[in-house]
Structures are given as C-alpha cells and as structure tokens.
1. What is the set of long-range amide H partners of residue B:355 at a cut-off below 5 Å, with H atoms built 1.01 Å from backbone N?
2. For a Förster distance of 56 Å, can you work out the FRET efficiency between the beta-carbons of residue A:16 and residue B:239, rounded to the nearest 0.05?
3. Please list, by residue number, everything in the stretch B:256-295 whose backbone N is under 13 Å from a paramagnetic label point 7 Å out along Cα→Cβ of residue B:47.
4. Too long at a 30 Å Cα-Cα cut-off: which of A:16/B:15; B:80/B:225; A:16/B:330; A:122/B:165; A:132/B:91?
5. Using only Cα positions of the stretch B:39-293, each an equal point scatterer, no hydration layer, compute I(q)/I(0) via Debye at q = 0.10, 0.17 Å⁻¹ and quote the log10 values to two decimals.
6. Kindly list the residues of the stretch B:239-262 that lie in the label zone of residue B:135, defined by a backbone N under 13 Å from the point 7 Å along the Cα-to-C-beta vector.
7. Using Cβ contacts closer than 10 Å as the measure, can you line up B:60, B:176, B:297 from fewest to most?
8. Calculate the tail of P(r) for the stretch B:254-405: the fraction of all Cα-Cα distances greater than 27 Å, expressed in %.
Amino acid sequence: MLNELYQETILDHGRKPRNFGLLPMVTHCAEGHNPLCGDQIRVHLLIEDDTIQDISFEGCGCAISLASASLMSSAIKGKKVGEALGLFERFHATVTNASDEELGIGDLDCLIGVRDHANRIKCATLAWHALKVAVQSPVTQSQELP
Amino acid sequence: MMTNTSLLDQFPLLKEKVRGHRLAYLDNAATTQKPLPVLEEMDRIYRTLNANVHRGVHTLSQQATDAFEEARAKVARFIKASEPAEVIFTKGCTESINLVAQSWGLANLKPGDEILLSHGEHHANIVPWQLAAERCGAVVRPIPIFESGELDLKALSEMVSSKTKVVGIKHVCNALGTINPIAEVVRLAHSVGAICIVDGAQGLAHEPVDVQAWGVDFYAMSAHKTYGPMGVGALYGKRSLLESMPPFMGGGDMIRTVSFDGTTFNEIPNKFEPGTPNVPGVVGFGAALDWLAAFGLPQATAIENDLADRAAAELSSLPGVVLRGTASQKVGIVSFTLDSVHPHDIGTILDSEGVAVRTGHHCCMPLMRRLNVPATVRASFALYNQPEDVEALIKGVQKVQKIFA
Ligand SMILES: Cc1ncc(COP(=O)(O)O)c(C=O)c1O
C-alpha cells in the first residue's frame, strides 16, 4: 500500500521540485497553509489571455505536498485557467475516492496512493487550493517587487 | 508490580493489528490507553450508580455523589493538595488553564502587567493568556529556553519584576520531554508577588507532583494522559486564590441563592463546577490514579525511561537523525528529525509498519520556531510499552531511510 504512495515519481519531484522559486513576471499569487503540519506553499502565476503562461511555487512541506505542487505546476503550465481548475476538480475527486475514474493525466496519477492515507489528502491538495485562490488574486504593483 | 503479560491483558487495544502489523503505540503523550479496571469502573457507574450528583436526597444520588467526591479526594491525595476542595473538575487541562486566565486573569490583570510564559509552552498555556491579556491590556512575554529544551532560569530571574503578575510553565514538555524545575520557577514568581500556573498535562503520569512543597498556585491536569478517560481533567488551586476568584461559568450547583436581584455563589469547589458534571469520567479519573499508584510511579518511569534511552541511543546511531531536546532531566519522550525527510512522511511510513507516533509541531509552534524545525517526530512511552516497540520504531526509521535514500 505504502509503495503506492512513495513512488519514484513522487520522491523525485519531492527532492527536486520543478518550477520552484520566483518568476520574472507575476500577475497572480496566493499562499496555501496547512495548519495541521505547518506546510506552506505559495503559488505564483503569469496569466495572459486567460492562460497560465508561467507558474512557479515556493514553500516548505513534506514530500507529498512538494511533489504535488511540482506535478501540478508541470501539468497546468500553458493551460487555460478554466482547464486547470477543471483538472483540480478531477484530481480532488480522485484522491478523495469520490470517483473511480483514473485521471489519465500522466504523472499526476501517481498521487492516487494518498487515498489510503486520509490524513495526507490535505498535503496532496495544498498547492491546488493555493492555485484556486491565486487565479482570483491579482497582485498589486507593490507585491510584484521582490 | 504486575508481571508484564498480565499488564498487557489490561490493555486489549494494544493487541490489535494496524495495517497488518503488531501495534507499537508510541503516542502516549497525545493520550494513553486505558486499562480495563478504569473502563470497568466507568461502566459500573452507569450500570449501578447512575443518578445526578449534589442534588437528590435519594440513596442513589447520595451514592453517586460519594463516588464523585471520593474521586476528588483521590486527585487531591495524588498531587498532595492540602484538601479536596482545592480540586476543581473540568473537561481537561485546556479548560483548567482557561478557567484561571478568564477568572483570575480578568479580575486581576491591569494594563502594562506582564505574563511570562516559557518559550516552550503548549498553545493551551499561551492562547488563553493572550485572550485575557488582550482584554486587560497586559503583555505576554516568552521566557527563553535553551536549544536543549531547558528553561533559562537566569533569564527568568532577570525578567521578573513588579510588573510580573503570572508565570506559566509546563511541568513536563510534551514535545521534548524536558522536566522543568517547578520549585525554582515558583520561587522566582513569588519573589515578585506573581502567581505561578503549572500546566501539568504531561507531568501527572510520569513525575511525582507535590503542589504544597512547590507552593505552586495552580496545577492543570487531563485525565486522558494519565490512563483515565477523555473529556475530564482538574484544576488544583490554592484555597485563598480560588475563594477570591469570580465564577468562570454560571449555572446550577455553583450558586447558594438565586434571585432576579442577584445571586450568591456556592463555596469552592462547587463555585467552579456549574451544571451536571461528567460523573463516570471523574470516577474513572480517580480509578486511573489509583491504578497508576498501585503500579508505582517510580516503576512506571523506570520502564519508560529505559525504553526511551534505548530508542534515543539507537536512533542517534542512524545517519541523519538529530535528537531534539537533550535536557538532562527528561521523561520517556524521544523527539527527532531526519535529514531532509519531513516528519509527516516519516509518520506515514512508520504507520505502515504499525508504529504510532506523533508528527508535527505538537501544539508548540513557538518552540518549533525556536528550534528552527517545522516539526519533529515524537515517540512517547508509557508503562506498558515493550522492547519490541523500540525495535519496530528503529526498523521503521530504517525503512524511511531506504525509501528516501
Ligand atoms: C503540555 C500540554 N498542555 C496542555 C495540553 C492540552 O491537554 P487537553 O487537550 O487534554 O486539554 C496538552 C495535550 O496535548 C499538553 O501536552
């Protein structure tokens, strides 16, 4: 059961998160916080023409939350905002067991293992929740400065 | 002392399997398991003594009241209070501290007054004081602690002043296991006329308590961390203080006379116990203390410390493991981190091996920040733990290392 959760893909993304850090240009940004374990993830977006042209994240957390943020960033880069949020809905339904449907979206599938660890679902969805807030949170001029 | 097998027979839950493995329950600082005699005593109350307390003239009500008051006397004896009336039953340590902060605090704190709390306090002994301080214009200041988890007594001696009104400290640290020097802290608090409140949540089951020898003003307890039921606890307070304090909550039982022109309040302890109490819980609390006393507190701590020492020694020999909390005076709690592996990942992998530990900030966020870690893994021992539990823990951590290699 555990081998399903701590797969090589997750360990790899947890160790070397993709799109980690800041972006040269940011239009939207928000932070997700899991008070239970102290995980914190900040998502930066460059949205143009309703499309996520670029994405990065920063923060600290367990392997599951970092891998999930990393996988999310890779999965939604270049997608329309609506598509990205739709993906979150499917992802959420899958990891919370509400749906039997396999995601069929490549690497994101590897997080399905959290189903068997209910107390880790928050870790797997933290970045996604931050994303959902971020798309509605345009940064002001002052926030844009590093 | 009972033999170890007959001891384990009293804890059926410990024989359950978790994820296909023998359960190694090392989360005793969160809550201990409850021995059968405690469960049976609580059951007996509902089956044979169920009546409301302090109100009926009928026999059953009197018997229930007697059992309830006997439990109060047991708690008083266990912590060496001078009389049972100094023991107030609450729903737990958290409520006990809130009672003091809201009743004593709001009645006595003034703008500019200082509340000194150790940097290592549990949120339960921080937040109630912040709430009271906000209402009164008082200030909450942290008492420094060392990296080892030990309190900086010298810093405290320099911090106390005529502004100090409250000094708050936990008897035993839930996150690191440090045993704090209560008598010393009380002495420093009293040297400037401040009260000293001790959070005894982690102390009661592992360390002898002597509220009179220490001179402590308040001592807060939870039954469930001492082999008793959840949802019950107690507050010890000195008679003179409790008598001077306004009620915390109003209702039946806590009054002497009520009219719409005004109400006069009952004597302690009833003044602080409005409404129908958790009678089986309170009686179970008393039974748990009896049970622990019969086992022997020194015997219990000897077992716990031995296992914790073994665990600490084996863990520190594993590459990348850093033990957190290295005070010389500790109970059987081992807190650690492992390289760059997050404690939650460690916790999940240990769980898959049947090992139950706590991972996180242990409701001590200021302490975690002080130690510069987001969280730790904590193995906390109780008197029923076995060498196999340590072995399972070590094996589990080695598995973590293999996965994250
Ligand atoms: C040191 C300390 N204080 C207070 C508490 C709160 O106890 P309870 O939740 O039983 O009220 C705990 C429990 O985790 C604790 O460890």
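1. It is B:24, by chain and number.
2. 0.35
3. None, by backbone N distance to the label point.
4. Beyond 30 Å: A:16/B:15; A:16/B:330; A:122/B:165; A:132/B:91.
5. Here log10 of I(q) over I(0) equals -0.48, -1.27.
6. Output list for this probe position: B:246-250.
7. By the 10 Å Cβ count, ascending: B:60, B:297, B:176.
8. Considering the stretch B:254-405, 43 percent of its Cα-Cα pairs are separated by more than 27 Å.
Since every read-out is calculated from the coordinates, none of them should be taken as a lab result. What you see is a predicted model, and the numbers here were worked out from it, not measured in a lab. Here the Cβ is made from the backbone with ideal geometry for all residues, glycine too, and neighbour counts use every protein chain on show.
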